[in-house]
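Colleague: First the structure, then my questions, so here it is.
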Amino acid sequence: MIRTRFAPSPTGLLHIGGARTALFNYLFARHHGGEYLLRIEDTDRERSTAEATRVILEGLAWLGLSPDQPPVYQSTREARHVEVADQLLAKGLAYHCYCSAEELKDMREQATREGRPPRYDGRWRDRDPSEAPPGIAPTIRLKAPREGETLVDDMVQGIVRVGNAEMDDMIILRANRTPTYLHAVVVDDHDMEITHVIRGDDHLTNTFRQKQIYDALGWQTPHFGHIPLIHGADGAKLSKRHGAVSVLEFRNQGFLPEALCNYLLRLGWGHGDAEIIDRAEAIKLFDIDGVGRAASRMDYAKLTHLNGVYLRAADNDRLSDEVLAHLATRPELVISDETKHRIATLMPGLKERAKSVVELANSAAFLALPSPIALDDKARALLTGEAKAMLRELAPQLAASDFTIAGVDAVLRDFAESTGRKLGQVAQPLRAALTGTTTSPGIDATLAALGRDEALRRIENAAT
Ligand code: GLU
């Protein structure tokens, strides 16, 4: 069975690059009827935090990318990492190295002076352990092959190789008997029966070293796919100065998770010209051979456009809940069953114009304002003496309507016709009175959403 994993280190936020890696692993597993797992790589105790783990889990859940099994915490597997390192040692495939930090530093400095890359020279590789200096805790190093080359047939990058002479004997267990990152990842991927490792191409150099560990253990190497990183519009690695980078930041800015996933999917993966690809379609179509080798560039405008498309397609009740969650943070608003009902009623009109949930919430806020509502400058300018007189004349006729969309529409048309006005001349001052602004969905839908009592109250307040 195909099994993939996402393996973030909980040292900060959930970056959208990480989210895309998770998405690709998820889609690849789903496409092939396999499993998608999560491993929290929290071995770096200093930098890992519970809060960062929480943010990762929350971000993945929001994106609909929660794993198929409970997450594996790498820190809980330390005894196993040590066991495997000791096995390699017992088989003579790894050895104790007693070099002090100072000795290693000298080695590096000398190499640099001589214009060589700073590598460990293997001085304890073949030395008899009886020569071990007293009182020094050794590290364990892999006895890596010195001749030949290490080759990886990468699903995205193709065949990549490096001469073994270029690599030194890496530490797999530190002197304090904690595993190094490279070693822990190999042991965990093996034990979790991971068949395909899809990750950022910044890990490609680690892969050669990890391959050496697999080979020493006689374990089957998983298939690797190293995907290009996401860059900003200027070609530099995506960072905060380009805009939002954390998944939860996108959520706070009002992006829908399915829009973000669709965008991330299309970033670096293509299926003809198709732009709108929902989750079910993505599972059907995704395969790793559609992933290109070039770095992709984040285009916030394109994402915003896509978000608008998904907003218009989204379920009204769900959007109403999202909007209410945003509005609930604004103390000047009243969130009652009545306002909830108004928002749900007007949602089909509201979502036609918005590009984000935040915009949607802003455009719905007038529905939750307590009367009398404040008017913005443009709305105030519309409410001339003449407009106010018109509203006073119109109010009783509206009061007599049934306050359905069709009912108020008929009243407004009759009124415009019988008083020799264009519909817009009636609608604009009315909109100003009802919303305090000059934009809203159709005036008939806006009236119907506010309901008779509140609509008449606002008209009266504005017209006197
Ligand atoms: N923990 C690594 C990271 O967050 C990923 C390791 C891997 O995917 O093998 O960059």
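Colleague: Name the residues in the range 182-224 that are within 16 Å of Asp153 (Cβ to Cβ), acidic (Asp, Glu) and crowded, with 17+ Cβ neighbours inside 10 Å, would you?
Modeller: Across the range 182-224, the qualifying residue is only Asp201.
Colleague: For the range 166-189, what are the residues that are closer than 16 Å to Asp86 by Cβ and without any contact (Cβ under 8 Å) to a residue 40 or more places away in the chain?
Modeller: Arg174, Ala175, Asn176, Thr180, Val186
Colleague: It is to be established whether one or more residues within the range 258-265 are more than 14 Å from the ligand (Cβ to nearest atom), polar (S, T, N, Q) and either at pLDDT 95 or above or surrounded by fewer than 22 Cβ atoms within 10 Å (Cβ to Cβ) (or both).
Modeller: yes
Colleague: Output the residues belonging to the range 197-222 that are of a type outside the set (S, T, N, Q), closer than 18 Å to Arg3 by Cα and either assigned to a helix (DSSP H, G or I) or more than 15 Å from the ligand (Cβ to nearest atom) (or both).
Modeller: Tyr214, Trp219
Colleague: Being part of a loop (DSSP other than H, G, I, E, B) and within 11 Å of the ligand (Cβ to nearest atom) is the filter here; which residues of the range 167-196 pass it?
Modeller: Ile194
Colleague: Right, here's the next one. Would you tally the residues in the range 409-429 being assigned to a loop (DSSP other than H, G, I, E, B), surrounded by fewer than 12 Cβ atoms within 10 Å (Cβ to Cβ) and of a type outside the set (Lys, Arg)? Talk me through it step by step, then tell me what you get.
Modeller: Step one: filter the range 409-429 for residues assigned to a loop (DSSP other than H, G, I, E, B), giving 419-422.
Checking the rest, the ones that are also surrounded by fewer than 12 Cβ atoms within 10 Å (Cβ to Cβ) come to 420, 422.
Narrowing further to those that are of a type outside the set (Lys, Arg): 420.
Total meeting the criteria: 1.
Colleague: Which pairs do you get when a residue that is basic (Lys, Arg), found in the range 211-239, comes within reach of a residue that is assigned to a loop (DSSP other than H, G, I, E, B), reach meaning Cβ atoms under 9 angstrom, with the pair 6+ apart or on two chains?
Modeller: From residues that are basic (Lys, Arg), the pairs are Lys211/Thr221; Lys237/Leu229; Lys237/Ala295.
Colleague: Only one of Ala406, Ala381, Ala432 is free of Cβ contacts under 8 Å to residues at least 60 places away in the same chain, surrounded by 20 or more Cβ atoms within 10 Å (Cβ to Cβ) and under 44 Å from the mean Cα position of the chain (by Cα); which? Steps first, answer last, please.
Modeller: Details: Ala406 fails: surrounded by 20 or more Cβ atoms within 10 Å (Cβ to Cβ); Ala381 fails: surrounded by 20 or more Cβ atoms within 10 Å (Cβ to Cβ).
None of the others qualify; the one that does is Ala432.
Every residue, every condition in (1) touching a His at 6+ places or on another chain (Cβ under 9 Å); (2) within 30 Å of Ile405 (Cα to Cα); (3) of a type in the set (D, E, K, R); (4) free of Cβ contacts under 8 Å to residues at least 60 places away in the same chain, yes or no:
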| residue | (1), (2), (3), (4) |
| --- | --- |
| Lys284 | yes, no, yes, no |
| Asp287 | yes, no, yes, no |
| Arg318 | no, yes, yes, yes |
| Ala325 | no, yes, no, yes |
| Arg342 | no, yes, yes, no |
| Leu346 | no, yes, no, no |
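Colleague: Restricting the range 1-38 to residues that are within 13 Å of the ligand (Cβ to nearest atom), among the aliphatic types (A, V, I, L, M) and assigned to a loop (DSSP other than H, G, I, E, B), which is farthest from Thr195 (Cα to Cα)?
Modeller: Residue satisfying both the conditions and the ranking: Leu13.
Colleague: How do the pairs read when you match residues in the range 2-18 that are small (Gly, Ala, Ser) with residues anywhere that are assigned to a strand (DSSP E or B) and within 10 Å of the ligand (Cβ to nearest atom), using Cβ under 9 Å and keeping only pairs 6 or more apart or on different chains?
Modeller: What qualifies is Ala7/Arg39; Ala7/Ile40; Ala7/Val197; Ala7/Arg199; Ser9/Ile40; Gly17/Gly200; Gly18/Phe6; Gly18/Gly200.
The values are calculated or read from the model by the stated rules, or taken from the named source; none is laboratory data. On a predicted model such as this, the values are computed, not experimentally measured, just so you know. Don't worry about glycine lacking a Cβ; one is built from the backbone with ideal geometry, like all the others, and counts go over all protein chains shown.
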